[in-house]
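Nothing in this text is a laboratory measurement; each read-out follows from the coordinates by a stated rule. Keep in mind the model is a prediction, meaning the values are calculated, not measured. Note: ideal-geometry Cβ built from the backbone for every residue, glycine included; neighbour counts use all protein chains shown.
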Amino acid sequence: MTQLIGDILAVPGAPMALDAGFAAGLLALDWPQAAQGDAVAAQGAVERYRIERGVAVVPVRGLLTPNSATLERWLGWATYRGIEESCAALAADDSVAAVVLEFDTPGGMVLGIEDAAQAVAALAALKPVYALAAPLAASAGYWLASQAREISMTPGASVGSIGVAVTTWRAVQPGGDGSQEFEFTSPHARAKWPDPTTETGRAEIIRGLAETEARFHAAVAAGRKIALADLPTALSVSDDPADGGAVFAAHEAQARKLADRIETRAEFYTRVLAAHAPAPRHSSRAALARARAAEATARS
């Protein structure tokens, strides 16, 4: 699995919104036997959310990719296409009064994130959308969470890693087979393969990262209602606005206006269900079981 996920995520020159430290364990997982061959295509639809008493719970887990059906089905990891389609379906479902996005992700690819983030924002404009970091909403995960109306964190949870990075390389000597790699671009496509060993190439790579970071910051600022000019300072771990990109624990994130509440998962779901779910008609024991069903969704 490590090789396949590496192929999916480590695209040379592709910007990533990923916290590498938190992602390491996921990258080291073994590939499920059932995912071999064409087994994925033979299966039915993936369950992307569950609805309990009018509250939909959408788990946002794993390494986020644009549209990897294999990772979505066999590992339960979210995709941007899946999030976008789920938001559209829940927006049109009159039986859904509120939506919870429950996060456990170190982030993922930048490619596709903006459509998914806009879908979350559009849904939040129609219905209450709650984000719950339980226990992690980092980088691309936080990009999505910031578009909810409210962000809660469980005790010990972390959010942040707001920024983008890229991994790139250039052939500088003969490879293991004794051959030398040469690369050429057409006359007006020098930015197609920027050379990281040159000042021009580095400047082009940084330009692309800066543009993506600007869109990331704009989305967070709008979603969290923080002045865009103040955001770099709010994210910095020093007096230098360039020292952003850190991950923050719950109380620190709340102080920096990156989160609204700190509460246990049980407290969170009790509050949300009380606000949006109809009163149960069954016995107290049955009502308690149903009230906790949404809480259990993220664990299934």
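Please list 3J(HN,Hα) in residue order for the range 153-163, calculated via the Karplus relation 6.51 cos²θ - 1.76 cosθ + 1.60 where θ = phi - 60°; whole Hz, with x for glycine and proline.
3J(HN,Hα) across the range 153-163, in whole Hz: 10, 6, x, x, 6, 9, 9, x, 6, 7, x.
To the nearest whole percent, what portion of all C-alpha pairs in the range 45-153 is separated by more than 16 angstrom? Could you put the intermediate results ahead of the total?
Values: 2971 of 5886 pairs.
Within the range 45-153, distances greater than 16 Å cover 50 percent of Cα pairs.
If you average 1/r over all unlike Cα pairs in the range 153-275 and invert the result, what Kirkwood radius do you get in angstrom? Don't skip to the end; give the middle numbers.
Details: mean 1/r = 0.0555 Å⁻¹.
When all Cα pairs of the range 153-275 are included, the Kirkwood radius is 18.0 Å.
How far is it, in nm, from the label point at Ser186 to the one at Glu199 when both lie 7 Å from their Cα along the line to the Cβ?
The modelled label-to-label distance comes out at 3.0 nm.
Please list, or write none, the lysines whose alpha carbon is within less than 27 Å of the alpha carbon of Lys257, excluding same-chain residues fewer than 8 places away.
Here the lysines satisfying the reach criterion relative to Lys257 are Lys127, Lys225.
Among Trp143, Trp74, rank each residue by its count of other Cβ atoms within 10 Å, from fewest to most, as a rough exposure measure.
Numbers: Trp143 29, Trp74 20.
Listed from fewest to most nearby Cβ atoms, that is Trp74, Trp143.
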